[in-house]
Structure formats: structure tokens, C-alpha cells
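The structure appears right after this line, and notes come after that.
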Amino acid sequence: QAQLVASGGGLVQAGGSLRLSCAASGRTYVMAWFRQAPGKEREFVAGISWSASATRYADSVKGRFTISGDNAKKTAYLQMNSLKPEDTAVYHCAADSSLVLVSPSPQAYAYWGQGTQVTVSS
């Protein structure tokens with residue numbers, strides 16, 4: 001069983017940058033970030049597969065966000081650039097030890113970290 005600890009987030013002006021980190025204890029093959037804004041469903045942001053050496057992004061963040069990771073440290077990073085007010089949400093990291101490829105469905109992930117707030121002011 002894995003435990004996830006997320007860090008980063010905060011308040012930034014539009015156009016600014018933030019970096020989120022998610023450290024896992026235990027075996028994980030895929031790690032991902034989701035976000036949830038008030039009154040909206042949780043949505044996929046980006047994910048990384050250690051086993052497939054592959055990444056996947058939501059269309060809304062392509063070209064602005066970059067997910068990377070250190071497999072030895074079992075840590076995934078989400079570098080968020082050119083932030084927009086619509087990126088404001090609680091960001092959650094997720095992981096799974098059965099997936100091979102990144103899934104955009106929250107139901108595919110068994111492990112979740114605590115959320116971290118990202119607020120982008122206009």
C-alpha cells in the first residue's frame with residue numbers, strides 16, 4: 001500500500017508559475033495529478049508512467065504544465081507555467097501500482113494524497 005504526500009501550491013498572479021511535488025512511499029507505477037474546482041468534478045491534469053516512461057496531459061494544460069519524476073525517490077513533480085485564473089483548484093496527486101499507462105479516470109487510482117490549493121489571481 002502506498003501513501004502520498006503532496007506539497008507546493010499557493011497563490012500566484014496570472015502568468016506566474018508554481019511547482020507541485022508528490023512523494024510516494026510504497027510501490028507505484030503510475031502517478032498523476034487531478035484538480036477540482038468548487039462546484040466542478042475532479043478532472044485529470046497530467047500523469048507519468050514509470051514503467052512505460054510515458055506522460056499524458058489534459059488538453060487544457062498542454063504546453064503550459066510539465067510532469068516529471070524521480071523514480072528512485074518515488075516523487076512526481078508538476079511544473080505549472082503561464083498559469084491562468086481557470087487553473088484555480090485544489091490539486092490532488094494520485095498513484096496506482098497496477099496501471100501500466102496513465103489513465104485520465106480518477107477511478108483508476110487506488111492511492112490519493114491530500115489536496116493542495118492553487119489560486120491564480122487575475
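Side notes on the structure shown:
- Dipole magnitude of segment 14-122, debye to nearest 20 (Cβ charges: Lys/Arg +1, Asp/Glu -1, about Cα centre): 180 debye
- Each peptide in 104-112, 88-96 gets a packing score, the mean of other Cβ atoms within 10 Å over its residues, and the list from highest to lowest is 88-96, 104-112.
- Annotation: peptides 32-44, 7-19, ranked by per-residue average of other Cβ atoms within 10 Å with the highest first, follow the order 32-44, 7-19.
- Cross-link partners for residue 74 among the lysines, with Cα-Cα distance under 28 Å and sequence neighbours closer than 8 places in the same chain left out: 62.
- The chain: relative contact order as a whole-number percent, Cα under 8 Å and 6+ apart: 37 percent
- Between segment 23-42 and segment 69-122, the C-alpha centres lie 4 angstrom from each other.
Each value in this text was obtained by applying a stated rule to the coordinates, not by laboratory testing. Just so we're clear, the structure is a prediction, and the values are computed from it rather than from any experiment. Neighbour counts are summed over all protein chains in view; Cβ atoms, including those assigned to glycine, are modelled from backbone coordinates with ideal geometry.
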